[in-house]
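Visitor: This is the structure I have questions about; it appears just below.
Every read-out reported here was derived from the displayed coordinates using simple, explicitly stated rules and does not represent laboratory data. Bear in mind that the values here come from a model prediction, so they are computed numbers and not experimental data. Ideal geometry is used to build each Cβ from the backbone, glycine not excepted, and the neighbour counts take in all protein chains shown.
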Amino acid sequence: MRLPAGKVPPRILKRTVFKHLGSKRRDVVVGPSEGEDAAIIRVGKELLAVHCDPISGAYSNIGWVAMNIATNDIATRGVRPCWALSCVMLPQGSGEKDLTTICGQMGEAAERLGVSIVGGHSEVTIGLDHPLVVVSVFGIVEDGNYVTTGGTRPGSKIILTKSAGIEGTAILASDRGKPLSGRFGDEFVEKAKEYFDRLSVLREALTAFSYGGVLAMHDPTEGGIAGGLNEMADASKTGFRVYEDRIPVSHETNEICRFFEIDPLSLISSGALLIAASPEKANGIVRRLEEEGIEASIIGDILDDVKHRTIIRRSGVEEELPMPVSDELWKALARRL
């Protein structure tokens, strides 16, 4: 079976990756499973949140994206990221300037996030046609308190911060800027490129977690909001119902998605955060986030029926919202213009 571009589908993870996890150790508190963002391991009296992520589709800002995306998955545990390791693989023909640019991007992002890069590896790799960057991040779980993707329960409210398709908007504006400028103008494209500055969810994750009532958090990366909701439902063995008119989609994202004929709800959405919150705390979490200058909306509810995964369209019609087969970013990057 040929795999689709992007993240390996959950059904294939179950029958391949998850069957080959090495030794079973008692110090693994939360290990790999559907939809979970970071492992929790016990080290002496402390708990560590640990995560690893590759970036392969953001050529011009790959170092910045890699550091922000990897730290996001620690933040979704309600944990502050502390240390990072990086692996930079460059195609043949790359120069010292290319490595300097990527490392500079990672260093700037890490400094903003309060993260120390403590090691890693760099090489020129035969067979690549563009750089690949892998970042691993570690954080200390304070007082043993953390959340998982699967911690939600029926009746929970679903909160979304910022808007759909943030990372995809930034990548397409950067890597397909010429045709977009031809349609929308340079000012539009430059504004869309600034979405790279929205990629971190650290502040909103820690703000929401400290407020209380957060049952689960998840970073909707590949597959966008649709993928993130399905991953959260898979992890918690629940369903969901969301409302299209409550899901913010920015002007730039909307126009870029129309241009490439792709769905903004299935476009990689790093920079947004999905939060499942207890009903009595959800409105308070939204208010607290907005007090911090972070846009947030209650977009739907967690349901008991694991097969009920739907979206109420603006027309009032209720439709299934399945896991996307592949992220819309790959479709847009492959499109000939």
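Visitor: Using only the alpha carbons of the chain, what is the convex hull's orientation-averaged projected area in square nanometres?
Guide: Taking the Cα atoms of the chain, their convex hull projects to 18.0 nm² on average.
Visitor: A further question on this structure: About its Cα centre, how strong a charge dipole does the chain have in debye, to the nearest 20, once Lys and Arg get +1 and Asp and Glu get -1 at the Cβ?
Guide: Dipole about the Cα centre, nearest 20: 920 debye.
Visitor: Using modelled amide H (1.01 Å from N, peptide plane; none on Pro or chain starts), what sits under 5 Å from the amide H of residue 120, excluding residues fewer than 5 places away?
Guide: 86
Visitor: While we're looking at this one, here's another question. Between residue 118 and residue 317, how high is the FRET efficiency from 1/(1 + (r/R0)^6) when r is the Cβ-Cβ distance and R₀ = 56 Å? Nearest 0.05.
Guide: Working from the Cβ atoms, E equals 0.60.
Visitor: Of 323, 179, 65, which is farthest along the charge dipole of the chain in the positive direction, counting Lys and Arg as +1 and Asp and Glu as -1 at C-beta?
Guide: Ranked along the dipole, the leading option is 323.
Visitor: Related question: Can you return the lysines within cross-link range of residue 281? Criterion is Cα-Cα under 25 Å, with same-chain partners fewer than 8 residues away left out.
Guide: Output for residue 281: 157, 162, 237.
Visitor: May I ask you to work out the translational diffusion coefficient for the range 149-334 at 4 °C, viscosity 1.567 mPa s, via Stokes-Einstein with Rh from the Kirkwood sum over Cα pairs, reported in whole µm²/s?
Guide: Rounded, D is 79 µm²/s.
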